[in-house]
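These notes are about the structure you will find just below.
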Amino acid sequence: MKKLFIFVLLFFATPVFASGITASLDSHTVAITIYFTGNEVLLFGAAEEAGDVIVLVQGPRETRTIRKKGRAFGVWYNSESMEFANVPGYYAISYSGDNLPSLSKGDLLRHEILPENLNIQPVNTKGQSPEVVESFRQALIEQLEQQNSIANNTNKLERLGDNLFRTSFFIPSNAPIGTYRTEVFLVSEGKIISAQATPLFVSKTGIEAHIYNFAYNYSAFYGVMAIFIAAIAGYIANEAMRKR
Amino acid sequence: MYIYLPIAEISVNAFVLLGLGGMVGIMSGLFGVGGGFLMTPLLIFLGIPPAVSVATESNQIVASSVSGVLAHWRRGNVDFKMGGFLLAGGLIGSTLGVVIFSILQDIGQIDLMISLCYVVFLGTIGCLMFVEGVNTFISTKKGRIKRKPHPPRWIKAMPMKIRFRKSKLYISLFAPLAIGVFVGVLSALMGVGGGFIMVPAMIYLLGMPTSVVIGTSLFQIIFVTANATFFQSYLNQTVDVMLALLLLLGGVIGAQFGTRLGDKVNGEKMRILLAAIVLAVCGKLLFDLVIEPNNLYSIAGAK
């Protein structure tokens, strides 16, 4: 009886994720410097078992407001809005081919695979119907895709030989700073059989980081300095013009 | 060469900014205007968030106004007493303006407000300038001399009159105070120096002699825009010093060329041309307001 009990337990035990997949990035930091116009980050790895690979990159979560324009007295203005929490500042998914390897809806939602499965929740529905809330949610995802904050398989995954794979994703200049999570999943027969995560740090460095920090942490000083610089510049300009 | 602006948080082409500063600088040298009312909409058209455009433009105007006022001061063309009252009103007005700005930003209607203000004021001033320019052109041709404008009766009736020696005026101190407050609020909301409202107000509402008007106006503008810059930095963190410097650089070089160019061309024709440009910018902003936008949805900045 005891043996049968243990056998049943083992049958239902969750499988241990073997190191069936590994991945890394060409660089784990993206430094936003003064000449930053965006950065392409390269991801590469190997799958030790057979299966399809899905790569996910997610930036820090934020609360965003989506506004919709309406018309009044002939003028278009922001008439409606809805706030959503848990919105990723950056999201990219990459897989080979045109179709995502099949997975259960439960897995897709749990790991937030594909933009439509993001766990974005309205902060306050303001009594709007679920259809309206859903339309705002869809619009938010669409807008994020348009401004390159969400990349829905824009760079497809490349498989090299049996085991190796690589892909890249573009961090735009308006990407938020913080810790990004890069995850690789190995999928076989509709189930995730292995996974690994690796971090990416996006930060501002150099003079513009100092300016940014100064503006936010010492706002009053920053204001006085801005005025001072402008006044001196004006004075110098005047002096230069006089000599001519 | 692209430069990443720390507060605007976008990358722009540095040469485009220098060119923009230069172009507006030429216009300011040519017409004697601050140029803020052209620069701010142009920055917004470029993709810089409206809030940052307005606040940073206030910063840039401090520089060009300092440069301008020094030249006028040397010629004795600044009425400091009148300027003092104007700027007292201006400080109150611009602080109030920045607070209103914050509130509008929070409810997501700041873009609308900025556009509406621009359409109303550019439209009104543009029309008035155009009409005035055409009338002057016609009367100069016919050889008629223009009458010196007198302040309207309701201004003359205001209490607490004091003497302003430089402007040769005896007028209520509430007049410059009130004008100052009004222009201050607009200045903070629109990212302008306010000269294009201040100068006609000084000539037609206060009756100040034209020789003193520009210098005194610039004097007042320095403090009002400095105040707006300070509060925009402190309350809203919307001043991008990097952007301001780039625009400044182009601006002072452009103003040099503009002034030299201005010596060679016909004054009245230039005024009509400026009025036409003002009306064109106004038209574009109005068009953008009433035309169905390509995209009904927009996302506010992250929190």
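If I filter region B:168-193 down to residues being surrounded by fewer than 24 Cβ atoms within 10 Å (Cβ to Cβ) and of a type in the set (Gly, Ala, Ser), which single residue comes out as nearest to B:GLN109 (Cα to Cα)?
Looking at residues that are surrounded by fewer than 24 Cβ atoms within 10 Å (Cβ to Cβ) and of a type in the set (Gly, Ala, Ser), I get B:ALA178.
Quick one: in region B:271-295, which of the residues that are outside any helix (DSSP H, G or I) and closer than 18 Å to B:PRO50 by Cα is nearest to the other protein chains (Cβ to nearest Cβ)? Please lay out each step first, then the result.
Looking only at region B:271-295, we keep the residues that are outside any helix (DSSP H, G or I), and these are B:291-295.
From what is left, the residues that are closer than 18 Å to B:PRO50 by Cα are B:293, B:295.
Working: B:PRO293: 6, B:ASN295: 8 Å.
Checked region B:271-295; the qualifying residue nearest to the other protein chains (Cβ to nearest Cβ) is B:PRO293.
Suppose we filter region B:230-258 for residues that are part of a helix (DSSP H, G or I), open to solvent by less than 10 Å² (accessible area, probe 1.4 Å) and among the β-branched types (Val, Ile, Thr); how many remain?
Total meeting the criteria: 0.
Anything in region A:61-91 that is within 25 Å of A:ASN155 (Cβ to Cβ) and surrounded by 18 or more Cβ atoms within 10 Å (Cβ to Cβ)? List them, or say none.
Across region A:61-91, the qualifying residues are A:ARG64, A:VAL87, A:PRO88, A:GLY89, A:TYR90, A:TYR91.
Quick check: is even one residue across region A:45-56 of a type in the set (A, V, I, L, M), closer than 26 Å to A:GLU134 by Cβ and modelled with pLDDT of 90 or more? Walk me through it before giving the result.
So the first thing to find is which residues in region A:45-56 are of a type in the set (A, V, I, L, M), and the list is A:46-47, A:50, A:53-56.
Going one step further and asking which of them are closer than 26 Å to A:GLU134 by Cβ, we end up with A:54, A:56.
Those left that are additionally modelled with pLDDT of 90 or more: A:54, A:56.
Yes, region A:45-56 contains a residue that is of a type in the set (A, V, I, L, M), closer than 26 Å to A:GLU134 by Cβ and modelled with pLDDT of 90 or more.
Does region A:144-162 contain any residue that is touching a helix residue (DSSP H, G or I) at 6+ places or on another chain (Cβ under 6 Å), crowded, with 17+ Cβ neighbours inside 10 Å and either among the basic types (Lys, Arg) or within 14 Å of chain B (Cβ to nearest Cβ) (or both)?
yes
Scanning region B:65-101 for residues that are polar (S, T, N, Q) and under 21 Å from B:ILE203 (Cβ atoms), which turns out most open to solvent (accessible area, probe 1.4 Å)? Reasoning before the result, please.
Restricting attention to region B:65-101, the residues satisfying the condition of being polar (S, T, N, Q) are B:65, B:67, B:77, B:94-95.
Filter once more, so that each one left must be under 21 Å from B:ILE203 (Cβ atoms): B:65, B:77.
Details: B:SER65: 5, B:ASN77: 38 Å².
Among those that are polar (S, T, N, Q) and under 21 Å from B:ILE203 (Cβ atoms), it is B:ASN77.
Note down all Cβ pairs under 7 Å where the first residue falls in region B:1-15 and is within 8 Å of chain A (Cβ to nearest Cβ) and farther than 16 Å from A:TYR216 by Cβ, the second is open to solvent by less than 20 Å² (accessible area, probe 1.4 Å) and among the aromatic types (Phe, Trp, Tyr), and they're at least six residues apart or on different chains.
B:TYR4/A:PHE36; B:SER11/A:PHE36; B:SER11/B:TYR4
Does any residue in region B:110-123 that is under 15 Å from B:ALA280 (Cβ atoms) come within less than 6 Å, Cβ to Cβ, of a residue that is modelled with pLDDT of 85 or more six or more places away or on a different chain, and which pairs are these?
What qualifies is B:VAL119/B:CYS282; B:VAL119/B:LEU286; B:LEU122/B:CYS282; B:GLY123/B:CYS282.
Testing B:ASN227 on (1) surrounded by fewer than 23 Cβ atoms within 10 Å (Cβ to Cβ); (2) farther than 15 Å from B:PHE80 by Cβ, one condition comes back false. Which one is that?
Status for B:ASN227: all satisfied but (1).
Restricted to region A:16-60, and to residues that are open to solvent by 40 Å² or more (accessible area, probe 1.4 Å) and under 30 Å from B:VAL241 (Cβ atoms), which residue is farthest from the other protein chains (Cβ to nearest Cβ)?
Step by step, filter region A:16-60, then rank; the result is A:SER27.
Which one is farthest from the other protein chains (Cβ to nearest Cβ) among residues in region B:102-142 that are open to solvent by less than 20 Å² (accessible area, probe 1.4 Å) and small (Gly, Ala, Ser)?
B:SER139
Under 7 Å between Cβ atoms, which residue pairs at least 6 apart in sequence (or on different chains) link something in region B:85-99 that is among the β-branched types (Val, Ile, Thr) with a partner that is surrounded by 23 or more Cβ atoms within 10 Å (Cβ to Cβ)?
B:ILE92/B:GLY184; B:THR95/B:ASN227; B:THR95/B:PHE231; B:VAL98/B:ALA188; B:VAL98/B:ALA228; B:VAL98/B:PHE231; B:VAL98/B:GLN232
Just to confirm my filter: which helices (runs of 4 or more DSSP H) fall fully inside region B:151-212 and include at least 1 residues that are under 18 Å from the mean Cα position of the chain (by Cα)?
Result: B:174-190, B:195-200.
Take the conditions within 14 Å of chain A (Cβ to nearest Cβ), among the hydrophobic types (A, V, I, L, M, F, W, C) and open to solvent by 50 Å² or more (accessible area, probe 1.4 Å) and apply them to B:VAL62. Does it pass?
On the way: within 14 Å of chain A (Cβ to nearest Cβ): yes; among the hydrophobic types (A, V, I, L, M, F, W, C): yes; open to solvent by 50 Å² or more (accessible area, probe 1.4 Å): no.
Here the answer is no, as B:VAL62 does not meet what is asked.
Being open to solvent by 30 Å² or more (accessible area, probe 1.4 Å), more than 17 Å from A:LEU56 (Cα to Cα), modelled with pLDDT of 80 or more and at the interface with chain B (Cβ under 10 Å from one of its Cβ atoms) narrows it down to one of A:TYR222, A:TYR235, A:TYR212, so name that one.
Result: A:TYR235 is the single residue among A:TYR222, A:TYR235, A:TYR212 that is open to solvent by 30 Å² or more (accessible area, probe 1.4 Å), more than 17 Å from A:LEU56 (Cα to Cα), modelled with pLDDT of 80 or more and at the interface with chain B (Cβ under 10 Å from one of its Cβ atoms).
Condition test on B:GLY35, is it open to solvent by less than 10 Å² (accessible area, probe 1.4 Å), more than 12 Å from chain A (Cβ to nearest Cβ) and on the phi > 0 side of the Ramachandran plot? Give the derivation first.
On the way: open to solvent by less than 10 Å² (accessible area, probe 1.4 Å): yes; more than 12 Å from chain A (Cβ to nearest Cβ): yes; on the phi > 0 side of the Ramachandran plot: yes.
Yes: the conditions hold for B:GLY35.
For region A:170-209, how many residues are within 21 Å of the chain's Cα centre (by Cα), open to solvent by 40 Å² or more (accessible area, probe 1.4 Å) and not hydrophobic (A, V, I, L, M, F, W, C)?
7
May I ask you to say which residue of A:ILE192, A:ILE211, A:ILE227 is closer than 30 Å to A:ALA46 by Cβ and touching a helix residue (DSSP H, G or I) at 6+ places or on another chain (Cβ under 8 Å)?
Values: A:ILE211 fails: closer than 30 Å to A:ALA46 by Cβ; A:ILE227 fails: closer than 30 Å to A:ALA46 by Cβ.
Checking each option against the conditions leaves just A:ILE192.
Out of all the residues in region A:112-131, which are surrounded by fewer than 18 Cβ atoms within 10 Å (Cβ to Cβ) and either within 16 Å of the chain's Cα centre (by Cα) or assigned to a helix (DSSP H, G or I) (or both)?
If the condition is that a residue be surrounded by fewer than 18 Cβ atoms within 10 Å (Cβ to Cβ) and either within 16 Å of the chain's Cα centre (by Cα) or assigned to a helix (DSSP H, G or I) (or both), then A:GLU116, A:ASN117, A:ASN119, A:PRO130, A:GLU131 are the ones that fit.
Might you check whether a residue that is touching a Ser or Thr at 6+ places or on another chain (Cβ under 7 Å) and closer than 14 Å to A:ILE54 by Cβ occurs anywhere in region A:171-178?
no
Any residue in region B:259-271 that is modelled with pLDDT under 85, acidic (Asp, Glu) and open to solvent by less than 40 Å² (accessible area, probe 1.4 Å)? Explain how you work it out, then say what you get.
Here is the first cut: in region B:259-271, the ones modelled with pLDDT under 85 are B:259-271.
Filter again for acidic (Asp, Glu), leaving B:263, B:268.
Then drop every residue that is not open to solvent by less than 40 Å² (accessible area, probe 1.4 Å), which leaves none.
Within region B:259-271 (the criterion being modelled with pLDDT under 85, acidic (Asp, Glu) and open to solvent by less than 40 Å² (accessible area, probe 1.4 Å)), the answer is no, since none of the residues qualifies.
Scan region B:194-214 for residues that are in contact with a Gly (Cβ under 8 Å, 6 or more places away or on another chain) and open to solvent by less than 10 Å² (accessible area, probe 1.4 Å) and jot them down.
Matches in region B:194-214: B:GLY194 only.
The values are calculated or read from the model by the stated rules, or taken from the named source; none is laboratory data. Only a predicted model underlies this, so the values are computations on that prediction, with no experimental measurement involved. Counting neighbours? That spans all protein chains shown, and the Cβs are built from the backbone with ideal geometry, glycine included. Just so you know, the surface numbers come from the protein's heavy atoms only, side chains and all, with ligands and any DNA or RNA stripped out. Shrake-Rupley method; radii C 1.70, N 1.55, O 1.52, S 1.80 Å.
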